[in-house]
Amino acid sequence: MVSRRELLAGLGGITLVGVAGGTLFATTRTPHAALAPWQAPGTLATDPRVKAIEWAVLAPNPHNRQPWLVELIGEDKALLRCDLERRLPATDPFDRQILIGLGAFSELLIMAAQADGWNVTVTPFPDGAPSEAGRLDGRPIAHFKFSPGTGGTQDTLFSAVPLRRSHKEPFDDRGVTPATVTQIGTLAGAPLGSTVEDGKVRQLKDLCMESWLIESSTPRTHQESVDLMRIGKSEINANPDGIDLGGAFLETLAMAGLLTRQTLADPNSQAFASGKDIYEGLIGSAQGFIWSVTPTNTRAEQFRAGREWLRINLAATSLGVAVQPLSQALQEYGEMTEPLRKVHALLGVEEPARIQMLARIGYGPQVPPSPRWPAKTRII
């Protein structure tokens, strides 16, 4: 994998000092406003539902779209809906991935409420579920009923929430042991497929890279990601969702006109080629893979898979294991038909069962959290 220094040289030999004043510039590039929801969640409100939502907005979700909208009803109820403007129609044409993100939000809301001394009864799809062959619609995803609990019984995984990340840096060469992966599943209390066996890991790396190349070379699917890129501190603070491209290094390239949506969308550009090299390095550093499978592919099981994926993420975090989802091979648009078939065959998953999530695992450096919209912007 090329280093950032090598990439910088390849893009014209620009230096931070020459472009923007070096260290001073670098120290001012953190998008503090976009990261504020990670600071002391659950302390900015008195309504227990809002306090739980302040935690729930930190849940993992596809392309960081944060597709949740919560309607507060009376004094003890809430409805979760999908923000239909935040779906991913090109890469997630049936909103399966979006629904998984909504499931993760729901599990974290329940965990946060429990830690605050409240029980939550959740009813998925209280007005009925959309067809798996269609898309999500205006009907609620889940109904929550809050009731007083016996007093602050915290889920053992809840303490890992502030540390959870979708790790977008290369892993080091420390191997993950089978025992550690087994422990992740045990702590999560969720079914978990996994491999750290060299041969299968190599096959999955190749398949993940093949799938990334299909997505990035298909104009409509690649453009969907490009349109959601937030380049630099100002854009990230203004729209703390999507794919954040921040930090002094990337802002330097942007200021020089070498990192723009136009160059990222152009498959012949240096920015596109360097992005490919970087992604290949990420995949290549995987020390193992984990995945989640449901018996069928109903909307209820997709929602449950999201709840379980949140717990799997937190279990890995609690053990110091880094996780990055690699979703391309699981997507349902036409060009991805063959990788979708391959990944199920490789992992021995036969219809009607469905792989819902796939991720690389390993050990790596500490990384910052992803930007978030404040909870108050997600309440209707």
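The values are calculated or read from the model by the stated rules, or taken from the named source; none is laboratory data. All of these numbers come straight from a predicted model, not from anything done at the bench. FYI the Cβ positions are ideal-geometry reconstructions off the backbone, even for glycines, and counts take in every protein chain you see. Just so you know, the surface numbers come from the protein's heavy atoms only, side chains and all, with ligands and any DNA or RNA stripped out. Shrake-Rupley method; radii C 1.70, N 1.55, O 1.52, S 1.80 Å.
Can you find even one residue in region 233-242 that is surrounded by fewer than 18 Cβ atoms within 10 Å (Cβ to Cβ) and touching a strand residue (DSSP E or B) at 6+ places or on another chain (Cβ under 6 Å)? Yes, region 233-242 contains at least one residue that is surrounded by fewer than 18 Cβ atoms within 10 Å (Cβ to Cβ) and touching a strand residue (DSSP E or B) at 6+ places or on another chain (Cβ under 6 Å). Looking across region 46-82, not a single residue is farther than 14 Å from F144 by Cα, surrounded by fewer than 19 Cβ atoms within 10 Å (Cβ to Cβ) and in contact (Cβ under 8 Å) with a residue 40 or more places away in the chain. Taken together, R261, R378, R372, R304 contain a single residue that is open to solvent by 40 Å² or more (accessible area, probe 1.4 Å), within 21 Å of the chain's Cα centre (by Cα) and either at pLDDT below 95 or over 19 Å from L204 (Cβ atoms) (or both), which is R304.
Among the residues examined, G149 qualifies as more than 25 Å from P267 (Cβ to Cβ), open to solvent by less than 40 Å² (accessible area, probe 1.4 Å) and modelled with pLDDT under 95.
Considering the conditions (1) open to solvent by 40 Å² or more (accessible area, probe 1.4 Å); (2) under 28 Å from A112 (Cβ atoms); (3) of a type in the set (D, E), E338 is excluded by exactly one of them, (2). Of the residues contained in region 327-345, none is found to be of a type in the set (V, I, T), under 28 Å from G189 (Cα atoms) and part of a strand (DSSP E or B).
Filter region 46-77 down to residues that are of a type in the set (A, V, I, L, M) and in a strand (DSSP E or B) and give me whichever is nearest to R230 (Cα to Cα). Once the filter is applied, the top-ranked residue is L69.
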